[in-house]
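First up is the structure itself, then whatever we jot down about it.
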Amino acid sequence: MKAARSMKILAVAAAVIALVCFCMYYYSHDPDTTFSFKCTFKMLTGYDCPGCGSQRAFHAFLHGEFARAWEYNPLVFFAVPAAVYYLVVEAGRYRWPRLHAASVNPFVLIAFFIAILAFWIGRNL
């Protein structure tokens with residue numbers, strides 16, 4: 001029981017450290033002026049993928065430039081809270097089994113997929 005609790009604490013600490021490192025990196029490195037990873041899909045096709053602009057959006061968001069972040073990629077404002085929600089739900093799958101079951105319901109996941117697909121198509125029209 002003690003080992004399981006310490007493993008949970010270690011996992012949470014690792015997640016917090018990773019999040020802090022991620023935020024520090026994107027706060028201090030502007031993807032417009034420094035090296036940043038390029039989208040393979042955009043390089044091959046010339047079209048934006050759903051994630052295109054998210055590095056610049058994170059940078060702008062961390063600097064409080066919310067309108068500019070929205071211009072780069074509005075999906076970030078929905079994807080990040082959804083990702084955090086799903087991390088919490090997955091971590092608490094045994095504590096909140098009904099919430100977990102409702103969150104991973106195939107209809108909910110298909111709705112997310114359709115929304116991302118619609119965004120992808122809409123941003124390239």
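The table below gives the values:
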read-out: Qualifying residue in segment 24-31 (condition: at pLDDT below 85 and in a helix (DSSP H, G or I)); value: no
read-out: Lone unmet requirement of (1) exposed (fewer than 11 other Cβ atoms within 10 Å of the Cβ); (2) in contact (Cβ under 8 Å) with a residue 40 or more places away in the chain for LEU44; value: (2)
read-out: Selection from segment 47-76 of residues that are among the basic types (Lys, Arg) and surrounded by fewer than 16 Cβ atoms within 10 Å (Cβ to Cβ); value: ARG68
read-out: From the options LYS38, LYS42, residue that is touching an Asp or Glu at 6+ places or on another chain (Cβ under 9 Å) and of a type outside the set (A, V, I, L, M, F, W, C); value: LYS42
read-out: Matching entry among ALA15, ALA4 (being in a helix (DSSP H, G or I), free of Cβ contacts under 8 Å to residues at least 60 places away in the same chain and not basic (Lys, Arg)); value: ALA4
read-out: Test: residue in segment 86-100 that is among the hydrophobic types (A, V, I, L, M, F, W, C), surrounded by fewer than 17 Cβ atoms within 10 Å (Cβ to Cβ), under 12 Å from the mean Cα position of the chain (by Cα) and within 26 Å of ALA15 (Cβ to Cβ); value: yes
read-out: Helices (runs of 4 or more DSSP H) wholly inside segment 55-125 containing at least 2 residues that are without any contact (Cβ under 8 Å) to a residue 40 or more places away in the chain and in contact with a helix residue (DSSP H, G or I) (Cβ under 7 Å, 6 or more places away or on another chain); value: 66-72, 76-91, 97-103
read-out: Matching entry among ALA118, ALA102 (being within 28 Å of GLY53 (Cα to Cα) and hydrophobic (A, V, I, L, M, F, W, C)); value: ALA118
read-out: Test: residue in segment 44-51 that is in a loop (DSSP other than H, G, I, E, B) and of a type in the set (Asp, Glu); value: yes
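The values are calculated or read from the model by the stated rules, or taken from the named source; none is laboratory data. Just so it is clear, the structure is predicted and the values come from calculations on it, not from any experiment. Every residue, glycine among them, receives a Cβ derived from its backbone with ideal geometry; neighbour counts consider all protein chains shown.
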